[in-house]
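First comes the structure, then the notes that go with it.
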Amino acid sequence: MAGRSSRPSDSQLGRGSGPPTVTFSRRTSSGRYVNLSRDSLDSDINSIEFAEYTVHIPPTPDNQPMDPAMSMRIEPPPISQRVEEQYVSSSLFTGGFNSVTRAHLMDKVIESETNHPQMAGTKGSSCAIQGCDGKVMSDERGQDILPCECDFKICRDCFIDAVKTGDGICPGCKEPYKNTDLSANAVEPGQPLPLPPTGGMSKMERRLSLMKSANRSAVVRSQSALMRSQTGVDFDHNRWLFETKGTYGYGNAIWPKDGGFTDDKSEESGEPPELLSKPWRPLTRKLKIPAAVLSPYRLLIFVRMAVLGLFLAWRISHPNDDARWLWLMSVICEIWFAFSWLLDQLPKFFPVNRATDLNVLKEKFETPTPTNPTGKSDLPGVDVFVSTADPEKEPPLVTANTILSILAADYPVEKLSCYVSDDGGALLTFEAMAEAASFANLWVPFCRKHEIEPRNPETYFSLKKDPFKNKVRINGLPDSIRRRSDAYNAREEIKAMKLRRQTVEDEPLEPIKVSKATWMADGTHWPGTWTVSALEHSRGDHAGIIQVMLKPPSDEPLHGTADSSPLDFSEVDIRLPMLVYVSREKRPGYDHNKKAGAMNALVRASAIMSNGPFILNLDCDHYIYNSQAIREGMCFMMDRGGDRICYVQFPQRFEGIDPSDRYANHNTVFFDVNMRALDGLQGPVYVGTGCLFRRTALYGFDPPRSKEHSGCCSCCFARRKKSASVSSAPEEHRALRMGDDDDEMNPSLFSKRFGNSSFLIDSIPVAEFQGRPLADHPAVKNGRPPGALTLPRELLDASTVAEAISVISCWYEDKTEWGNRVGWIYGSVTEDVVTGYRMHNRGWKSVYCVTKRDAFRGTAPINLTDRLHQVLRWATGSVEIFFSRNNALLASPKMKILQRVAYLNVGIYPFTSLFLIVYCFLPALSLFSGQFIVKTLNVTFLTYLLVITLTLCALAVLEIKWSGINLEEWWRNEQFWLIGGTSAHLAAVLQGLLKVIAGIEISFTLTSKSAGDDNDDDFADLYLIKWTSLMIPPITIMITNLIAIAVGFSRTIYSTIPQWSRLLGGVFFSFWVLAHLYPFAKGLMGRRGRTPTIVFVWSGLIAITISLLWVAISPPSGNTQIGGSFQFP
């Protein structure tokens, strides 16, 4: 185990009262757990001398003079650091509020053996020292590191003892060790390992310095060569530097706009035309929609707006005096529908399509150049977040397939890291991730060798309908964990009984109750949630957990060998990306903020462990379908102006949906019409998954050059003048702005926003620098020098992981701005929309990336009840947004007008349900009363109705033309708009009003990702009928309209003066309602041949009602009165 030396009282009263420390411990071969933390050691160990853990700071241009050409010669890390990283990756770190941080060294993570050298718990050779059960140190291939030429096998601890207490004599050959570098920085078991020091240059600051100075001379040489090739003469850098206002180094365009080249004859300044004419290939381009489609589309919008205005004016000026109440309700509803349509249609004026060029990306970032002679990848790092919360509703097999698709993605291995957030703290998820990491040893090289698509194992093998699809080891994990836990618990009970018999003799023994713990594969307690809940081991009460499943890969490619795998990977890079399991700490009394809180915990932990400048967010059921999807998104981030893009949103595509898409699960109208249209404004909204974020945008910073892009309302809202402190701030800090307050740029105040972790704060400017596009052209502003990201990564150490444990504790966010301005925003069940809104509100742009091959694919609920509950959650979040400060009416001037209209529609659309419910009952009320919304169906009304309908159809056809969807998808969307509007949206409005007025919180359950029990039918869930109160309004509307049609026909037939126009108007609108509700009615019928009993009950009630009406209308013979004695009110 390892422990933090800070006392509990220090954690409660203040943060950072002293740097926490970490100590290691080991398990013996007998399974006994030996605690070697300093607090619990015996008094006789106090004589041990504890040395301080120090970090060697290599010389850089910032702290001593150094030849720039030598700056790239980074010394390889010593053996001690690589061995410590191996130990860290095999340790399970736990800790949190009011508890010590422990690093439990695990000899195995899963029941089966693991062979990949990056895998936690990898089996290795045993130490040859008698009585030692330690494992021999190994390199990146898993081969033994033997410090002596005699090849005597010795573990790390025994080697340290031999160096320090045995005068450096090898226990095997009795000769002195020639290389004892391990002793310099080695940490003994039980020796405290402090967290990163607060004074001096931190690890992140040192890395930033190296990146910025590594290629300075190479950049100068490449610029000089460029000028020589284009002008035939050398460009005089010194003359330009001293005769203009330019400054030398990173952070400036090569020539500023003011103070560029000047001569004696002209006072005008500008950029050299030689560089402006340089051939430069962009990474992305806009594909304009043909004017033959877009121009009529825009014209039709104006035509329909004019027709709607004239129609509403005519309706208001021509009331129906015979049924004024019916006329008034219809007019109010029609006015709201026109307003709602306008909010939905206005943002669609500027739809765009985009394309990327992956060849240019490879040429710029992975091709040998003067600034990158080796051609090593210069792409920025990406941290992929996968979130899961309940292994019952989100099966671990689904999550494991998603993880494998990420590990096999076509992106530089050393630049990719995957973090799995298990918000339930379940051992089942932990071991499923370990099994996935073990299988990745074969799967990932297999994908690379054969370049297969997709790289999700389940999807790939199901292409040929694998008969063994459901027979996977992960499916047997719950039983395996249960049997193991039962066996260990039984052993503990026997031990307790034996101990009691030894202490108590000749007395009747009562049964001993031993806590039913959940046990890991190495025979120790699982620190997370137990199957049988106990104190500090329940779903809302457990310690924070971090396990590095796959340690970071080596910097250079590692090819397989013929003997290392059952498959031939001799020409394939077998390295795997880093994989980390994270379960944040949860304690009673804390608001953990559901998914948003889990994502923010991942943001902080990843910033400390890998600090990728970009974050890809995926749900556990959304896997990478296109292995080059990350590269596609990176094209936008690394292109000119990409530093102002906060995120790249990919469309959501779904599998396992019925061919007819009964409930519009594909949602193609939203993803292919609305989102493409928003891409032409300030960018699409964030929809929760399949999104590539810029880390600094998540941190709440403003985009670069925000003064130059202050929005369309900047002329109306004057900004106060910035003080001189802005220009005098360090260059890397000038790119980190928060609002209009100059003091907010000061990194010394970042702790008030980001918490007390100095390591996290130091990582911010590093992430900002790494996320900049290449400064390979004068037009690229705020760029970074080519080759700056080819430096090898920092190795993981225990203090780094311990710091990550501290930032995922439940108290870390107290008195910070996490969830308020920083990270995912709290306070709404649709935290995704609010988070994207906040970024757009600060002036950031987003981009919609539609790839030829779908980037990601996931699952969607095809069951009617699950689908309604999903829509209910979305609509409730929209209502919360409307009644919060995130309402688009309160947006800042940095947000464009039409973008504001789009966000306003997001908050308003659920309220349409109030008017839609009334309008759906109007046809029935019309048929019951014998009246209509207009006096008569005259030519004017019918003309307006025809023109409005035709313009709507024409707009739909043109939308289909430029978006690529088909007519059936558009019609399904219209149908479910009415189904959702009369059920889930209405409930969302009521729940939102309850929360605002009465403060009643609404809790939501996870949408189930598991399939039905019928394995023979892929769409078994489609026919399941699970009753919910959301079904009551649509059922009532259907029954009411059916009865009203029967009553209307009967009234007209038996009427003395039939009013056929009123009947036709009412029947037409009733059929319009019923046609939209047809999928809902079909869902209630269930599977053919399996009609539920409730359907027969409804049918009987309807038949009896109609029969009674018929008897009342057509009385028995002998009564000649038309209509009998039946009278309508």
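Couple of notes before you dig in:
- J(HN,Hα) series, the stretch 785-802, from Karplus relation 6.51 cos²θ - 1.76 cosθ + 1.60, nearest Hz, glycine and proline x: x, x, x, 5, 9, 8, 5, x, 6, 7, 6, 6, 10, 5, 5, 5, 5, 5
- Qualifying trypsin sites (Lys or Arg not before Pro) in the stretch 769-859, where qualification requires a DSSP coil assignment and no more than 16 other C-beta atoms within 10 Å, comprise Lys815, Arg821, Lys852, Arg853.
- Accessible surface, per residue, of the stretch 882-1007 when the full set of protein chains is kept, probe 1.4 Å, Å²: 44
- Inter-site label distance for Leu937 and Ser295 at 7 Å from Cα along Cβ, in nm: 3.9
- Residues whose amide H lies under 5 Å from that of Ala128, counting only those 5 or more places away or on a different chain, are Lys153, Ile154, Cys155; hydrogens are built 1.01 Å from N in the peptide plane.
- All Cα pairs of the stretch 528-670, percent lying beyond 17 Å: 77
- Burial order of peptide ranges 389-399, 304-314 (average beta-carbon count within 10 Å, highest first): 389-399, 304-314
- Database remark: amide H of Leu616 closer than 5 angstrom to the amide H of Asp383, Val384, Phe385, Phe693 (H placed geometrically; neighbours at sequence offset of 5 or more, or on other chains; Pro and chain starts carry no H).
- The Rg/Rh ratio of the stretch 273-384, with both radii computed over alpha carbons and Rh defined as the Kirkwood radius, is 1.37.
- Shown in residue order for the stretch 332-349 are the 3J(HN,Hα) couplings computed by the Karplus curve 6.51 cos²θ - 1.76 cosθ + 1.60 at θ = phi - 60°: 4, 5, 5, 5, 5, 4, 5, 5, 5, 5, 5, 4, 6, 8, 4, x, 8, 6 Hz (x for Gly and Pro).
- DSSP-assigned coil residues among GluC sites (Glu not before Pro) in the stretch 527-619, each with at most 10 further Cβ atoms within 10 Å: Glu571
- Kirkwood-type radius of the stretch 868-1009, with distances r between different C-alpha atoms, in Å: 18.1
- Annotation: peptides 423-433, 661-671, 545-555, ranked by per-residue average of other Cβ atoms within 10 Å with the highest first, follow the order 423-433, 545-555, 661-671.
- Shape analysis of the stretch 335-397 yields a ratio of the Cα radius of gyration to the Kirkwood radius, Rg/Rh, of 1.31.
- A simple spin-label model places the labels of Ser462 and Asp568 3.3 nm from each other, with each point 7 Å out along Cα-to-Cβ.
- In the stretch 380-421, the portion of solvent-accessible area held by carbon and sulfur atoms comes to 50 percent [1.4 Å probe, whole percent, DNA, RNA and ligands not counted].
- The orientation-averaged projection of the convex hull spanning the C-alpha atoms of the stretch 780-885 amounts to 12.7 square nanometres.
- Percent carbon-and-sulfur accessible area, the stretch 292-366, ignoring ligands, DNA and RNA, probe 1.4 Å: 70
- For q = 0.25 Å⁻¹, Debye-computed log10 I/I(0) when each Cα of the stretch 510-611 counts as one equal scatterer: -1.31
- Maximal additional length on extending the Lys495-Leu990 stretch stands at 172.4 nm, based on 0.36 nm per residue less the C-alpha distance.
- Packing-based order for 619-632, 914-927, 938-951, using average beta carbon neighbours within 10 Å, highest first: 619-632, 914-927, 938-951
- FRET efficiency for the Trp314 to Arg281 pair, using the beta carbon distance and R₀ = 60 Å, is estimated at 0.60.
- Hz values of 3J(HN,Hα) by residue in the stretch 576-583 - Karplus curve (6.51, -1.76, 1.60), Gly and Pro given as x: 10, x, 5, 10, 10, 9, 10, 10
- Based on protein heavy atoms only, the stretch 551-703 ends up with 23 Å² per residue of surface accessible to a 1.4 Å probe.
- Computed P(r) (all Cα pairs; the stretch 588-651; 5 Å bins; percent): 3, 12, 20, 20, 22, 13, 5, 3, 2, 0
- Within the stretch 403-448, the percentage of alpha carbon pairs spaced more than 16 angstrom apart rounds to 43%.
- Kirkwood Rh in Å, taken over all unlike Cα pairs in the stretch 926-998: 16.0
- Within the accessible area of the stretch 647-707 (1.4 Å probe), percent carbon and sulfur: 53
The values are calculated or read from the model by the stated rules, or taken from the named source; none is laboratory data. Because the structure is predicted, anything quoted here is derived from the model rather than measured. For neighbour counting, all protein chains shown are included, and Cβ atoms are generated from backbone atoms with ideal geometry for every residue, glycine included. Ligands, DNA and RNA are excluded from the accessible area calculation, which covers all protein heavy atoms including side chains. Shrake-Rupley method; radii C 1.70, N 1.55, O 1.52, S 1.80 Å.
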